[in-house]
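> This is the structure, below, for whatever I ask next.
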Amino acid sequence: MEKVLKASHFNKYFTEPDRFQVLKDVSFEVNKGEFLAIVGKSGCGKSTLLYLLSTMDTDYEGTLEINGQTLTGRSQDYLSKFRNEHLGFVFQFHFLLPEFTTLQNVMLPALKLGKYSEKEVEHRAYEKLKMIGMAEHARKLSSKLSGGQQQRVAIARALINDPTIVMGDEPTGNLDRTNTRIVFDIFREIARENHQTIIAVTHDPDFAAGSDRVIEMSDGMIISSHEN
Amino acid sequence: MNLRITTQIARTHLMAKKRQTLVAMLGVTFGIAMFITMISFMQGVNQFLEDSALDASPHVRIYNEVNTQRPALIDQLNRSDSAFNVIYHQKPKEQLSRLKNGLLIARRIEQEPGVLGVSPQLSTQVFYNNGPIQISGTVAGVDIDRENRLYNLKSRLKSGTINALRSNPNGLIMGSVLARKLNVRAGDKVSVTTPTGGTMILRVVGTFSFGIGTVDNTKSYANLSTVQEILQKDASYVTDIHIKMFDPLLAIPLGKKLRAVYGYYTEDWATANSAILAGEKIRNVMTFVVSMTLLVVAGFGIYNIMNMNVINKIKDIAILKATGFEGKDIVLIFLLQAIFIGLLGGLMGLLIGFLLSYMLSITPFNAGDFLSIKTFPVIFDPKYYVMGILFGLITTVLAGYFPSRKASKVDPVSILRG
């Protein structure tokens, strides 16, 4: 199986208010097309781990390799470009840009990437919105959407550049049952159909149960890893 | 491509918060409008004061200084180191203040390059008598056409004409304040008495006003030959030669040269008006300080607004960074907004500044006899408008750059984790 992400010997400390080790020698690998769920109690370090994997947090010990590229020690601008092309994010609180329409929100990362013309980007964004069932809201301001709708739009945005890995920080944490179902199905589908890798931090046992593999964390360490 | 997407984001930000954008723009607008108004008005006043003083004085004046001090004859003849001479109350020698060959000198100076005009004249102290009233003043005997060329007398006449003086050998064009004090107007007669005792009755054919108290209060113009006649001098007797140049700055070297060539005293405008020029320097510094203060205050206002704008958008910045936008994209987004605000606000400021200074320039203002103005003096100089818009742009760009640079370094994790 092709390895798409390799994290080795992650150590991370918080220095505020006291020095405190959040992650203790965490190492693991993720396969291409795998749907991975990271679970654990609050404060066990799972979100912290996800932000390290996302390349947004660069203050850690250890090495991170994605798609065969070592990302530890790279410049912020390099990491920005890398995120833009290879990573997609879904946050717990949807985090769309409120002044922009749904469609524009989805298009922005692709316009930044500049791989396709604006026309094509718009077309692709429509496709993504259709896939998540939000095409009819394309012209609405994103601040006018409901929470579940915004979360789906955030997923479309995460997918627009066909990233290798989609990361979610409790992507269903704020959603009701129906919306959780929808989001989960979308994740499931892109992992299976497009062979994109999903790494999601979650509290939801049902969500974890539906994934390919579950990593359980406690006190900054991986205590178990089992495939479903 | 980067520019395109950042422009689009910047535009959306500006359009989404129209009121905030407008307030930011008004901050720039008022700062620049006040700057334009202030500087146009203050420079207008400066220019007016300078012009009214300098217009009425020649660029170079050649005259013969009458000096009562002369070495005693005995000192010249009987000079020794071991003894000294004591002379009490030496009488001054009779000395004429005439310029020898003055008319010829004037004609030759006219040939010099850069000379606008030369007016040889005969100037003397006089008493003006109108009935029992006696007022002291001066009278200048001139060739009125040459004098007109130098000082543009035509435009300064309050009544009468220049031609009236030419056609009337005993005519007199009198300073307007002096005429009022004597209670005469064009057509009336006054008698003029010189220090040497000569008296003549002259007819006032016009009045003029330079807008300078010391001139309008005391001076009159008469024909050169008339004054020569009162003083009982010959037709080549002149005491002063006034010179105007095309470029006033060339007057200073010319004055030095003329002194060397003809041996008479020369005085250039800068020396003659050093008090006015010093005053002007001080006023220029004041103008500069006031304008700078205005601009700096406006600049801080703009900085404040831009800073708030960036802080309000900090979450959006984190999202943009998370989805792959680089620090320089973020800076560009806010810089573009700043440029838009600075440019539009600045242009509005120029317009309002122009309207304000225009209104000021048509506001009636009565300065009495001393200044010949009816409205406030205002200068409309494109230079100030260019300065204004440049300043508006530079401050807003700086005011937009610093907060956005800070924002571009923000750690998205700390914002997104909440």
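Since every read-out is calculated from the coordinates, none of them should be taken as a lab result. Since we're looking at a predicted model, the values are computed, not measured. Every residue, glycine as well, gets a Cβ built from its backbone with ideal geometry; the counts of neighbours run over all protein chains shown.
> Stokes-Einstein diffusion coefficient for region B:24-122 at 4 °C in a medium of 1.567 mPa s, Rh from the Kirkwood formula over Cα pairs: what value in µm²/s?
My calculation gives 64 µm²/s for D.
> Separate question: Taking a spot 7 Å from the Cα of residue B:380 along the direction of its beta carbon, which residues of region B:6-50 have an amide N less than 14 Å from it?
Only B:37, B:40-41 pass the distance filter.
> In degrees, nearest 10, range 0 to 90: what is the angle between the Cα axis of helix A:118-131 and the longest Cα principal axis of chain A?
70 degrees
> Going out from 0 in 5 Å bins, what whole percent of all Cα-Cα distances in region B:309-391 drops into each bin?
For region B:309-391, the pair-distance distribution reads 3, 12, 15, 12, 10, 9, 9, 8, 6, 5, 4, 3, 2, 1, 0.
> Residues of B:323-334, mean number of Cβ from any other protein chain within 10 Å of their own Cβ, rounded to a whole number?
5
> Distance cut-off 22 Å, Cα to Cα: go down the list A:140/B:406; A:32/A:112; A:112/B:409; A:81/A:140 and report the pairs above it.
In this structure, A:140/B:406; A:32/A:112; A:81/A:140 exceed 22 Å between Cα atoms.
> What is the extension gain from residue B:235 to residue B:100, computed as 0.36 nm multiplied by their sequence separation minus the C-alpha to C-alpha distance, in nm to one decimal?
Once the chain is fully extended between residue B:235 and residue B:100, it gains 47.4 nm.
> Viscosity 1.002 mPa s, temperature 20 °C: Stokes-Einstein D of region B:1-41 from its Kirkwood Cα radius, in µm² per second?
D, rounded to a whole number, is 178 µm²/s.
> Rounded to the nearest 20 debye, what is the charge dipole size of region B:242-399 about its Cα centre when +1 sits on each Lys and Arg Cβ and -1 on each Asp and Glu Cβ?
Value, rounded to 20: 160 debye.
> OK, next. By how many nm would the segment from residue A:223 to residue A:3 lengthen if fully extended, with 0.36 nm per residue of separation less the alpha-carbon distance?
77.1 nm
> Here's a follow-up. Give the aspartates and glutamates whose C-alpha is closer than 17 Å to that of residue A:144, dropping any in the same chain fewer than 8 places away, or say none.
Result set, ordered by chain and number: A:99, A:136, B:316.
> I'd like the distance separating the alpha-carbon centroids of region A:34-86 and region B:14-43, in whole Å.
Between the Cα centre of region A:34-86 and that of region B:14-43, the gap is 46 Å.
> Could I ask something else about it? Can you grab the distance from the C-alpha centre of region B:225-286 to the C-alpha centre of region B:313-363, Å, no decimals?
So the separation of the two Cα centres works out to 53 Å.
> Estimate the FRET efficiency between residue B:110 and residue B:81 by the formula 1/(1 + (r/R0)^6), using the beta-carbon distance for r and 56 Å for R0, to the nearest 0.05.
0.65
> Mind checking which of A:68, A:180, A:47 is farthest towards the positive end of region A:3-227's charge dipole, using Cβ charges of +1 (Lys, Arg) and -1 (Asp, Glu) about the Cα centre?
Of the listed residues, the answer is A:180.
> So, one more: Starting from the alpha-carbon convex hull of chain A, give the projected area averaged over all orientations, in nm².
With every direction weighted equally, the projected area is 12.4 nm².
> Nearest-5 percent of antiparallel DSSP beta bridges in region A:3-227?
Antiparallel bridges: around 55 percent, rounded to the nearest 5.
> Between residue B:11 and residue A:69, what FRET efficiency follows from the Cβ-Cβ distance if R0 is 30 Å, with the result rounded to 0.05?
Between residue B:11 and residue A:69 the formula returns 0.30.
> Could you size up the charge dipole of the protein assembly as shown around its Cα centre, putting +1 on the beta carbon of Lys and Arg and -1 on that of Asp and Glu, and report it in debye to the nearest 20?
2160 debye
> So, how do all the Cα-to-Cα distances of chain B break down into 10 Å bins, in percent, from 0 on up?
With a bin width of 10 Å, the distribution comes to 4, 16, 18, 16, 12, 10, 9, 7, 5, 2, 0.
> Note down the magnitude of the dipole of chain A about its Cα centre, charges +1 on Lys and Arg C-beta and -1 on Asp and Glu C-beta and zero elsewhere, to the nearest 20 debye.
560 debye
> Determine, from the Cβ-Cβ distance of residue B:351 and residue B:271 and an R0 of 51 Å, the FRET efficiency 1/(1 + (r/R0)^6), rounded to the nearest 0.05.
Working from the Cβ atoms, E equals 0.70.
> Which semi-axis lengths, in whole Å and largest first, follow from the square roots of five times the eigenvalues of the Cα gyration tensor of region B:93-204?
Whole-Å semi-axes of the equivalent ellipsoid: 27, 20, 11.
> Starting with the fewest neighbours, write out B:237, B:401 ranked by other beta-carbon atoms found within 10 Å of each beta-carbon.
Lowest to highest Cβ neighbour count: B:401, B:237.
> Using all Cα-Cα distances in region B:60-270, what percent lands in each 10 angstrom bin from 0 up to the longest?
8, 30, 30, 19, 8, 4, 1
> What distance in nm separates the two pseudo spin-label positions at residue A:42 and residue B:20, each 7 Å out from Cα along the beta-carbon direction?
3.1 nm
> Oh, and also: Give me the percent of DSSP beta bridges within the protein assembly as shown that run antiparallel, rounded to the nearest 5.
70 percent
> Where in region B:32-54 is the amide nitrogen less than 20 Å from a point lying 7 Å along the Cα-to-Cβ axis of residue B:283?
B:35-54
> Also: Taking loop as defined by DSSP and a crowding limit of 15 other beta carbons within 10 Å, which trypsin sites (Lys or Arg not before Pro) in region A:20-51 fit?
Filter output for region A:20-51: A:41.
> If you rank B:133, B:373 by fewest surrounding Cβ atoms within 10 Å, what's the result?
By the 10 Å Cβ count, ascending: B:133, B:373.
> Pairs B:17/B:313; B:100/B:233; A:119/B:328: which exceed 19 Å Cα-Cα?
Listed pairs above 19 Å: A:119/B:328.
> Given points 7 Å out from each Cα along the Cα-Cβ axis, report the residue A:143 to residue B:328 separation in nanometres with one decimal.
3.2 nm
> Let me ask another. Tell me the label-point distance for the pair residue B:308, residue B:358, using the 7 Å Cα-to-Cβ offset, in nm and rounded to one decimal.
Each label point is offset 7 Å from its Cα along the Cβ direction, giving 3.2 nm.
> For chain B, build the charge dipole from Cβ charges (+1 Lys, Arg; -1 Asp, Glu) around the Cα centre, then report which of B:208, B:275, B:396 sits farthest towards its positive end.
Of B:208, B:275, B:396, it is B:396.
> With no solvent and one point on each alpha carbon, what is the Debye value of log10 I(q)/I(0) for the protein assembly as shown at q = 0.08 Å⁻¹?
For the requested q values the scattering log ratios are -0.72.
> Separate question: Which of A:106, A:220, B:192 sits farthest toward the positive end of the charge dipole of the protein assembly as shown, with +1 on the Cβ of Lys and Arg and -1 on the Cβ of Asp and Glu?
So the residue we want is B:192.
> So what's the convex hull volume per residue for the Cα atoms of region B:174-243, in Å³?
104 Å³
> Further question: Tell me which aspartates and glutamates have Cα within less than 13 Å of residue B:154's Cα, excluding those fewer than 8 residues away on the same chain?
By straight Cα distance, residue B:154 reaches B:145.
> If one takes the longest principal axis of the Cα atoms in chain B, at what angle in degrees, from 0 to 90 and to the nearest 10, does the Cα axis of helix B:274-312 lie?
Compared with the principal axis, the helix lies near 10 degrees.
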